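The values are calculated or read from the model by the stated rules, or taken from the named source; none is laboratory data. Owing to the predicted nature of the structure, the values given are computational and were not obtained by experimental measurement. Here the Cβ is made from the backbone with ideal geometry for all residues, glycine too, and neighbour counts use every protein chain on show. These accessible areas exclude ligands, DNA and RNA; they are computed on the full protein's heavy atoms, side chains included. Shrake-Rupley method; radii C 1.70, N 1.55, O 1.52, S 1.80 Å.
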Amino acid sequence: GLARPGGAVETDRLPSDVRDRAMEAVDHFGGRVTIGDVASRAGLQLAQAERALQALAADTEGFLEVSEDGEVLYVFPKDYRTKLAGKSFRMRVEPLVDKAKEVGAYLVRVSFGTALIASIVLVYTTIIAILSSSSDEDSRGRRRRSYGSTIIIPTDMFWYLDADYYRRRRVEKENMNFIESVFSFVFGDGDPNDGLEEKRWKMIGQYISSNGGVVTAEELAPFLDVPPPSEEKDDESFILPVLLRFQGHPEVDEQGNILYQFPSLQRTASKSGGSREYVGTKWSAMFGGVEKYLEEKLWKFSKASASEKAMVAGLGGLNLFGVIILGNLLKQMTVTPGGLISFAAQLYPLLQIYAGSFFAIPLFRWFLVRKTNNDIRKRNKAREQQAQELLSPDSSLRRKLLSARDMAQRKVITPEEIVYTTQKDLLEQDYEVKEWERRFKEL
């Protein structure tokens, strides 16, 4: 293996997502890759891909190969993941940390729903205690009868926690119990587009690579946030982030069209890395199963079923009503309370905050989700229209696309072209040192 000062594990210095995406790309190409292969497949910046490959090679006894043209390839042993896991304490700990995060997130969801049940029980039990302490036996009996439904509700609602009931619900609908649906109703279920940027850059990188490293701005528009074709002007500045990430540059063809070339994505170690696609090719064939445009998912107010949301809202309303009644009763008390009543009085500000936020947060989220989904629909519609433009291009766009395909190149670096490798000692390799130095200087 390569010498590492202090025996440090270089891969541990990488962000986890960069490391994992790079390793997935290495696996996809069979362990022999160029920097462009990893960058395009994983959607990483070229600098990130190079740093990740260097770290992986250093930690797993990978080696470098250099072709006659000076192209550098990284080659990894089949068991490189096993070797890396044996050296990296971080990789062994990460699954445990992820599991702990999942358990913590689940406990938070469950605890919020449990707090609703506890709040209802405490509020109505305290109300009954206050009413009972301020009446004689007869009036207490009348009050118990008049508030009988209130006494029954806190106990009756525990039938929702019946294990068989939830087992049936999970089979019939979603894998979410009633306690979890409380959290879902108030706070939602997270961003449905988590990982969207990673997906976006993977799609862009793979598209550029599969089309020979030369594309037009119109081809990348379906993956970016651009206005619909009816509103766009002759402004291709939206392509700049792509040029920066994959180190591309503009080229002007003989007809004066601006094309974008990405030299690093034109060289690959994979013989099945893709082929040049011409105008008229079906999207399914062009993308190999990848979507023809980047589609964002709409936000859901809650993944809970309609009946679960109705029950949650009903219990939340019952809790809010009880907190209001309890507040009025506490204000009317002339004697210093003790026991349960004193405990409830001390917690009353928290009960108010919980009961009020139980509806204030979902109301705010409802308006936010509507606005967010409207924006998502507009972006999806614009990207879809951009994709439709490519299905039936006009004569000008068709000529531009054909010019890009004609300029496209895809260089597959075969083992026969390798003139130097770090796997062998310098004296064992079949070339003259002086000849190699001459070639390298020429390059």
If only one of 118, 163 is open to solvent by 40 Å² or more (accessible area, probe 1.4 Å), at pLDDT below 50 and small (Gly, Ala, Ser), which one is it?
163
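Quick grid of which residues meet (1) in a loop (DSSP other than H, G, I, E, B); (2) open to solvent by less than 80 Å² (accessible area, probe 1.4 Å); (3) touching a His at 6+ places or on another chain (Cβ under 6 Å); (4) modelled with pLDDT of 80 or more:
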{"position": "401", "(1), (2), (3), (4)": "no, yes, no, yes"}
{"position": "404", "(1), (2), (3), (4)": "no, yes, no, yes"}
{"position": "420", "(1), (2), (3), (4)": "no, yes, no, no"}
{"position": "423", "(1), (2), (3), (4)": "yes, no, no, no"}
{"position": "439", "(1), (2), (3), (4)": "no, no, no, no"}
Specify the residue that is modelled with the lowest pLDDT; the eligible residues are those in segment 1-23 that are charged (D, E, K, R) and exposed (fewer than 14 other Cβ atoms within 10 Å of the Cβ).
4
Kindly indicate the residue of segment 331-375 that is more than 21 Å from residue 116 (Cα to Cα) and open to solvent by less than 70 Å² (accessible area, probe 1.4 Å) and also modelled with the lowest pLDDT among those meeting that condition.
337
Suppose the filter is modelled with pLDDT of 90 or more, surrounded by fewer than 17 Cβ atoms within 10 Å (Cβ to Cβ), among the β-branched types (Val, Ile, Thr) and under 26 Å from residue 179 (Cα atoms); does residue 97 pass it?
yes
Any idea which of (1) touching a Lys or Arg at 6+ places or on another chain (Cβ under 9 Å); (2) open to solvent by 70 Å² or more (accessible area, probe 1.4 Å); (3) part of a helix (DSSP H, G or I); (4) closer than 30 Å to residue 438 by Cα is the one residue 69 doesn't satisfy?
(3)
Quick one: count up the residues across segment 209-226 that are in contact with a Pro (Cβ under 9 Å, 6 or more places away or on another chain) and of a type outside the set (A, V, I, L, M, F, W, C).
2
Taking segment 189-216 and keeping residues out of contact with any Leu (no Cβ under 8 Å at 6 or more places or on another chain) and buried (at least 20 other Cβ atoms within 10 Å of the Cβ) leaves 202, 206, 210, 211, 212
Take residue 60 and tell me if it is farther than 29 Å from residue 311 by Cβ, of a type in the set (S, T, N, Q) and open to solvent by 60 Å² or more (accessible area, probe 1.4 Å).
no
Of (1) modelled with pLDDT of 85 or more; (2) buried (at least 19 other Cβ atoms within 10 Å of the Cβ); (3) among the charged types (D, E, K, R), residue 295 fails just (2)
Answer yes if at least one residue in segment 51-74 is at pLDDT 90 or above, more than 12 Å from residue 11 (Cα to Cα) and out of contact with any Leu (no Cβ under 9 Å at 6 or more places or on another chain), and no otherwise.
no
Segment 8-27 residues that are under 17 Å from residue 45 (Cβ atoms), paired with ones that are in a helix (DSSP H, G or I) and open to solvent by 30 Å² or more (accessible area, probe 1.4 Å) (beta carbon under 6 Å, 6 or more apart)
18/48; 25/41
